[in-house]
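Take a look at the structure below.
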Amino acid sequence: MINYKHLHYFWVVAKEGSITRAAERLGVAIQTISGQLGLLERQLGKTLFNSQGRGLVLSDAGRKALSYADQIFQLGEQLEEAMQNASEENTLRLRVGISDGIPKLLAYRLLSRVTAMPGDVRLICDEGEFENLLAELALHRLDVVLTDRAAPQGGNLKVFSTRLGEFPTGIYASAAVAAQYRDNFPACLEQAPMLLPTRHNALRGRIDRWLEEYRVHPKVVGEFEDSALLTTFGRGGLGLFPAPLILAEQLSGEYDAHAIGEMEGVNEHIYAISNERRIRHPAIEVLCNIPAQAGTATTL
């Protein structure tokens, strides 16, 4: 059997890029790590590192071994967490991935359905890019992903997309900026400073088509992958910005940002993506607000 102490030393060396730095991190002698790496390589029958200048680079076999080591030690961390939380067996946990592109206030509103459930509920939220979150979902490190688009079709891994809703979008601005552009909407947007999501965001295409339909040409002064960052710059007065109208009261009260008009026909679509067609996790069922067997299957 593999000596997992040797494997752990290999894993740390791979992360640090050198035996010297790995030895400093682990608090052991350089010779100890070198010797145990040699034992692991002999046991596997493969060279795991190649020398490059003063450092080390993974060989082809080393890269493959690292992918397995990543999973092994991540599972180890999950085991420790499970044991530490053994006394909280009645706590319902929901691990949620939240896509960069969806408004965080909207994600909060949706997830409040879960936090309002009876009993002890713990949300564990992670934020990231769409593709990375789907990869985490595939490895069962997440229970559900909230995102602005359905999972793409094609591939071998089955995931299931459920549309949680469509939310009409408006144009907002800080109080000072809103006062300048409130009249004659949407013509007032001509050459107005505007902050938009990047073209990776599904909403951006709908906004561009709307602007083209009304023949207005704002001056785009910023594009943002992260919706929270976009809102922060907007409330600071850098420019006008889009956000769901359902958040108008909250954006006004908490951020002093005000809606100046609705982008008719431009809706923010929010989806929940999970691994199961028949939703068994009670918190996901509440989030989706649908019968357990509902959901449209797509493949990734």
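The values are calculated or read from the model by the stated rules, or taken from the named source; none is laboratory data. Keep in mind that this is a model prediction, so the values were computed, not measured. Using ideal geometry, Cβ is built from the backbone for each residue, glycine included, and neighbour counts are taken over all protein chains shown. Surface areas here come from the heavy atoms of the whole protein model, side chains and all, with no ligands, DNA or RNA. Shrake-Rupley method; radii C 1.70, N 1.55, O 1.52, S 1.80 Å.
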If R0 is 35 Å, what FRET efficiency do you get for residue 264 and residue 71 from their C-beta distance, rounded to 0.05?
-> 0.15
Top mean-square fluctuation among 38, 17, 27, Gaussian network model of the chain, C-alpha springs under 10 Å?
-> 27
Evaluate Rg over Rh across the stretch 124-174, taking Cα atoms for both radii and Kirkwood's formula for Rh.
-> 1.06
What GluC sites (Glu not before Pro) does the stretch 1-94 have in DSSP loop regions with at most 14 other beta carbons within 10 Å?
-> 89
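How many lysine pairs in the chain, separated by 8 or more positions in sequence or lying on different chains, have Cα atoms less than 20 Å apart? Please report the intermediate quantities before stating the final value.
On the way: 5/15; 5/46; 5/64; 15/46; 15/64; 46/64.
Eligible lysine pairs with Cα atoms under 20 Å apart amount to 6.
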Select from the stretch 113-193 those GluC sites (Glu not before Pro) which occupy a DSSP coil region and have at most 16 other Cβ atoms within 10 Å, ordered by residue number.
-> 129, 190
Please identify every one of the trypsin sites (Lys or Arg not before Pro) in the stretch 1-108 that sits in a loop by DSSP and has no more than 11 other beta carbons within 10 Å of its own beta carbon.
-> 54
Per-bin percent of Cα-Cα distances, the stretch 102-238 [10 Å] | 9, 34, 31, 18, 7, 0
Taking Cα atoms only, Rg over Rh for the stretch 1-46 with Rh from the Kirkwood formula is 0.95
Which residue, chosen from 250, 94, 233, occupies the Cα position most advanced towards the positive end of the dipole of the chain, where the dipole is computed from +1 (Lys, Arg) and -1 (Asp, Glu) charges on Cβ about the Cα centre?
-> 94
Total formal charge among the other residues, if their Cβ is under 9 angstrom from that of residue 271, Lys/Arg +1 and Asp/Glu -1 = +1
For 213, 225, write out the residues from largest to smallest accessible area, computed with a 1.4 angstrom probe and no ligands counted.
-> 213, 225
Rounded FRET efficiency, nearest 0.05, which uses the C-beta distance separating residue 254 from residue 132 and R0 of 51 Å | 0.95
Rh (Kirkwood; distinct C-alpha pairs) - the chain, Å | 22.6 Å
If r is the Cβ-Cβ distance from residue 79 to residue 115 and R0 is 30 Å, what FRET efficiency results, to the nearest 0.05?
-> 0.65
Is it possible to state the helix-based mean residue ellipticity at 222 nm for the chain, with each DSSP H run of 4+ residues giving -39500 (n - 2.57), the sum divided by total residues, to the nearest 500 deg cm²/dmol? What is it?
-> -12500 deg cm²/dmol
Within a Cβ distance under 14 Å of residue 33, other residues only, what is the Lys/Arg minus Asp/Glu net charge?
-> +1
For the stretch 182-246, shape from the Cα gyration tensor axes a ≥ b ≥ c, cut at a/c of 1.5 then a/b versus b/c, turns out oblate
Taking only protein heavy atoms and a 1.4 Å probe, what accessible area per residue, in Å², does the stretch 116-213 have with all protein chains in place?
-> 50 Å²
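Ignoring ligands, DNA and RNA, what percent of the 1.4 Å accessible area of the stretch 1-111 is carbon and sulfur?
Summing carbon and sulfur atoms, their accessible area is 51 percent of the total for the stretch 1-111.
Just to confirm a number: summing +1 for Lys and Arg and -1 for Asp and Glu over residues other than residue 197 whose beta-carbon lies under 11 angstrom from that of residue 197, what do you get? Display every interim value, and only then the final one.
Details: positive: 199, 204, 206; negative: 100, 148, 208, 223, 225, 226, 268.
Net of charged neighbours comes to -4.
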Volume per residue that the Cα convex hull of the stretch 191-285 spans, once the total is divided by residue count, Å³ | 133 Å³
